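Here the structure comes first, spelled out in C-alpha cells, and everything after it is commentary.
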Amino acid sequence: MSKKEIVSLIILVLVIGYGAYKYITREYSDTQSRYLLDAIVEISGSSANKNLSARIANIFELIAEFEKNYNEFAEDSYISRINNSDEEEFDMQPELYDMLVIADSLYKLTDGAFDITIKPVWELWDFQSENPELPDAKLIQEKLQFVGFDKLKYDQEKLYKPKGMQLSLGAIAKGYIFEKAQKQMQDKGFTRGYVDSRSSITLFGDKVPPIIYITHPRKPDATIAHFRLQNLAVSTSGDYQQYFELEGKRYHHIINAHTGYPVEAVYSVTFICDSPAWADGLSTALFLMPPEQAMDYVAADPNINCVIYYEAEGEIKSLKSAGMQALELKEEL
C-alpha cells in the first residue's frame, strides 16, 4: 500500500469515526411556552431522545396540576378550600408541607415580616383597580389580628389553622414548582435546559452560561443590570410588578406583616442560589428586610448571591454580594 493510500485510509477512518461520534452524541432541542402561574412560562430542554415535545408537555401538565391545587383565587382549589372553610383541621398534602417548612424559616429570618398568612390584609389592597384608594387604616388593623404564622400548627399529616386565617403561597409556589419541574426534566433524561417565567428562572446543564437581565425598577422596558448564570436558580421581587400610585407615592404588593403596608424605599431584590424554591422565597424575604441587614445574611453564605436596588437621597442605589463579580455582573445605573 502506497503512502498516499495509507493517508487516504487514515482520513477515511477519521471521517467515519467523527461521523459515528456525532451520531452517538447527537442531541435534540425543543422550547415551548404556556400561560400558567399568572405568567408566561417557557420550558426549554435538550436530550439525545428526539421525543422532546411530549416530555416537555408532561412538564407543563405537572405545573398545571400544581396550579389547580394552589391557585388561591380558584374556588375549588385545595388551598381555597382551606382558606374558605370554618374548619380548623385539614389533611396535609406533601407539597403544602414542603412550602410551610420554607415559609416557617423565612418568617423567623425576617422576625415575622414575611408571613404567608398576610392574605386578609393583602386583599384590602386593590392593585388592579383603575381608581385605586388606600385601605382604611382601622380596617388594616382589624385584619392584622388574623395574621401570624406562629398561630399555625402543622406536621406531615395535618394542618391546624385558626378560623379566619388564610394562606397565600405566592412568594414561594412558583419557585417550588419550578424546582419540581427541573427535577422531572433531569429524571426524564434532559441533559440541559431551563424553566423561565421572567421573574424566576432555573437552569441546568453544561451549556455556555446565558445572560440574565434584571428589569429596571423605574423603566419597565429597560434593564438595570445583567450577569451570567449556570446550574443555578434566580428570582427577582420588585415593587414594579403589582402596584398603584397616589399623590406621587407608589404602593406595591409586597406587604410587611407587622404594619399591613408595603415596604418603602426598596425597589427590587434579585436572589441566586441552587434551589428555585428558596430563591423565590428569599427574594421576597430579603425585600422585607433593611438592605444592609439583608446583605449581611447573604454575606454569611458563600453559596448564595444577591443584588438589591433601593432608594437613597432620591437616587437608585445598589448593594451586591461579593460573588456577583464571578457572575460577571454589569450595571447600567
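All other residues with a Cβ under 15 Å from the Cβ of residue 298 taken together, and with Lys, Arg as +1 and Asp, Glu as -1, what is their net charge? It works out to a net charge of -3. Each Lys and Arg adds +1 at its Cβ and each Asp and Glu adds -1 at its Cβ; summed about the Cα centre, the chain shows a dipole of about 1800 debye.
In this rough spin-label picture, where each label sits 7 Å from Cα along the Cβ direction, the residue 108-residue 42 distance is 3.9 nm. Here the spin labels are modelled as points 7 Å beyond Cα on the Cα-Cβ line, and at residue 303 and residue 91 they lie 3.5 nm apart. Estimated from helices alone, the mean residue ellipticity of the chain at 222 nm is -10500 deg cm²/dmol (sum of -39500 (n - 2.57) over DSSP H runs with n ≥ 4, per residue).
Evaluating 6.51 cos²θ - 1.76 cosθ + 1.60 at θ = phi - 60° for every residue in the range 56-65, the Karplus couplings come out as 5, 4, 5, 5, 4, 5, 4, 5, 5, 5 Hz, glycine and proline recorded as x.
Distance between the pseudo-spin-label points of residue 206 and residue 145 (7 Å out from Cα toward the beta carbon): 6.2 nm. If you take all other residues with their beta carbon under 14 Å from the beta carbon of residue 56, and give Lys and Arg +1 and Asp and Glu -1, the sum is 0.
In order along the range 220-226, phi translates into HN-Hα couplings of x, 9, 10, 10, 10, 6, 8 Hz, rounded to whole numbers, per the Karplus curve 6.51 cos²θ - 1.76 cosθ + 1.60 with θ = phi - 60° and x for Gly and Pro.
For the chain, a Kirkwood hydrodynamic radius built from all Cα pairs, placed in the Stokes-Einstein relation at 37 °C and 0.692 mPa s, yields a translational diffusion coefficient of 150 µm²/s.
Where a number appears in this text, it was derived from the coordinates with a stated rule and is not lab data. Quick caveat, the model's predicted, so the values are computed rather than measured. Positions of Cβ are generated from backbone atoms using ideal geometry, with glycine treated the same way; all protein chains shown enter the neighbour counts.
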